[in-house]
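Shown next, in structure tokens, is the structure this report addresses.
The values are calculated or read from the model by the stated rules, or taken from the named source; none is laboratory data. Please read all numbers here as calculations on a predicted model, not as lab measurements. Backbone-built Cβ (ideal geometry, glycine too); neighbour counts: all protein chains shown.
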Amino acid sequence: MQRASRLAKPLAFTAWERENRAARGETGLVSRVRKNLLVGAIIAVLCIFAVRLVVVQLVQGPELAAAAQDQRSRIHVIKAQRGDILDSSGRQMATSVKRYNIGVNQVKINTYFQPKTAGKDAQGNPKVIYDQFDRPEVAAYGPAAAAKKLAPILKAEPAELGGKLTVQPGKKPSTFVYIAKEVTPEVWRKVAKLGIPGIEPEEITKRIYPNGNVAGNIIGFTNIDGVGLAGLELSQNSKLAGVDGKDFTEIGRKGQTIPVQDNYRKEAIAGQTIKTTILLDLQNTCQQVVEKSRSQFGAQSVMAEVQEVGTGKILALCETDTVNPSDPTKTSDKNRGSKAVSTVYEPGSTLKVHTMGAVIDAGKVTPTSTFTVPAAITMSNGQSFRDSTPHGTYALTAAGIIAKSSNVGIVQVGDLVTDTDRYQKLKQLGFGKLTGVELPGESAGLLAAPEKWDGRQRYTIMFGQGIAATILQVTNGIATVANGGVEVQPHLIESWKKPDGSMEKRSVDAGTRVYTKDTSRELLTMMEGVVSAKGGAPDAQIEGYPVAGKTGTTQIIEANGRQTGTVGSFTGVFPADNPRVVITVVVHRPSASIYGAVVAVPAFKEIAGATIRELGIPPTDTKPQLYPIGD
């Protein structure tokens, strides 16, 4: 009976439910549909959650994890010490000094307070006043109080400084905000002594150029981040820069450092120190001389190079308007690099030496071979040439043609060999290609292949027109003659010193023979005739030091064919009996005179005198044994 009663309730409920559904007009089918829809909706929502979970975990997971890591960690870059740049004697031309950027942790600084004091203790320190609970009484606290302490040391306004220490409205507190940059170690020590929580240092290096603009065109300069932008700072940046280190620290929610296993410090590796071939005092004198020369002769610009014979070492490379690496913005963009490696000019009569060398090397003439040299001449192809000054008909030796710098004579000499022979000789000397000197922006000059020469250019190249060269190429060409006919690559770097102290010396090639020893000796003696009383540059003589040299004068012709100026130059070798040094001076657009013997020789002599003193070159009693010049 009881069992029947228990069964009766569900049956009664089921019957009642059926009546209810019937009253609402529902059927069993409709009920099942509603149930299925409800289940489907629940499954759909669950699927969306599942897909979203997969996206977050697998697709966005690494990115979100990295973002979270960034929020709770701080990676401080430890800047590598940039290598020094030294002159040949080891004097600093560029160096880096320790400086500090100072920052604030805007969370930690809120804990700063300044205790009340009264008088001083036995050690002279302020006596702190404590309350009844043995706690220091507070005189001032927080960023405002810290700013008042820091401002006098950092030479800042307290209100402005306080603004940097304080979290700005609507922004989150930062663990590091700069409040001062590039302060000296002395300033940082004073700041650190205050013991203000949250005031933290960032050690950096600052580039210093202790010699002003001396060798500025060679050294170059860096940007604010210490990356080379010009000169050796740019070309050698990878070696000078070193490798930055890292300091990784976990930061807590309140800005505190969390000691965890992942905290680490990777020390920076210092850059290499570069020792150059430059002699700083000679470079300084050279720069003063070219500036004086520009003023003296009303020139647009003047440049000079001093190169050691046999080694290719460039001892000085100077030009007017040299950049000061400490403040390059005061120099126009066009003068911030080295014009000595980028500016080309027609070398003019200096190239007559190499035309003569090609012909002597071919066995076609000797220094005493005689030529009939009128004031003007018309060649077999109808091209006419004349000398720079009118004269009667001379009977000049080959040496006389060089001494008198005769265009009419040299085209006769040069015509004794083929265009290809002369072209190949110029290429061997380095014309028309980069010297490879360690400065950015070097020009290869211009030397067209002989098949591109027209009927006139095949002759003008014999006396240095229709060809463009840098001062490096011209100087090295004459240095090859002075070196017994062997061409050696010019260079500015002597060695690199690595952080471990080991030295890497620049590899020196054996050189390439261009002229025979006999030819080079004969050419050098012929160049001594240029500096003799009967030559074109007698003022280049230096007492006690025989000089062999060659002048150069050429016109500056614009694209429209109009002459707008001249270039005067002189290249000299001394002592001629035992060559040590080659010096070239190039004067662009002088207004006082057009001739190299007038505008370039005075600067040559001054620089030569400084070089003799710098290198300690002893005088000689040797008298030049000159070739006859002719009548």
Selected residue (criterion: surrounded by the most Cβ atoms within 10 Å (Cβ to Cβ)) from residues of region 568-599 that are of a type in the set (A, V, I, L, M, F, W, C) and not in a strand (DSSP E or B)
VAL599
Would it be correct to say that LEU446 is under 24 Å from THR551 (Cα atoms) and surrounded by fewer than 16 Cβ atoms within 10 Å (Cβ to Cβ)?
yes
Restricting to region 311-323, and then to whatever is in a loop (DSSP other than H, G, I, E, B) and at pLDDT 95 or above, can you tell me which residue is surrounded by the fewest Cβ atoms within 10 Å (Cβ to Cβ)?
THR311
Of the conditions (1) without any contact (Cβ under 8 Å) to a residue 60 or more places away in the chain; (2) within 17 Å of GLY630 (Cα to Cα); (3) not hydroxyl-bearing (Ser, Thr, Tyr), ALA395 satisfies every one except a single condition; which number is it?
(1)
Mind checking which residues of region 105-123 are within 53 Å of the chain's Cα centre (by Cα), part of a loop (DSSP other than H, G, I, E, B) and more than 14 Å from LEU194 (Cβ to Cβ)?
ASN105, GLN106, VAL107
Answer yes if at least one residue in region 494-505 is touching a residue at least 40 places away in the same chain (Cβ under 8 Å) and aliphatic (A, V, I, L, M), and no otherwise.
no
Give the residue, chosen from VAL514, VAL474, that is crowded, with 16+ Cβ neighbours inside 10 Å, over 23 Å from ILE612 (Cα atoms), under 38 Å from the mean Cα position of the chain (by Cα) and among the aliphatic types (A, V, I, L, M).
VAL514
I'd like to verify a number: residues in region 355-393 that are within 23 Å of THR554 (Cβ to Cβ), hydrophobic (A, V, I, L, M, F, W, C), part of a loop (DSSP other than H, G, I, E, B) and out of contact with any Asp or Glu (no Cβ under 6 Å at 6 or more places or on another chain), how many?
1
If ASP281 passes every condition in (1) outside any strand (DSSP E or B); (2) more than 23 Å from the chain's Cα centre (by Cα) but one, which one does it miss?
(2)
Kindly indicate whether GLN114 is without any contact (Cβ under 8 Å) to a residue 12 or more places away in the chain and not hydroxyl-bearing (Ser, Thr, Tyr).
no
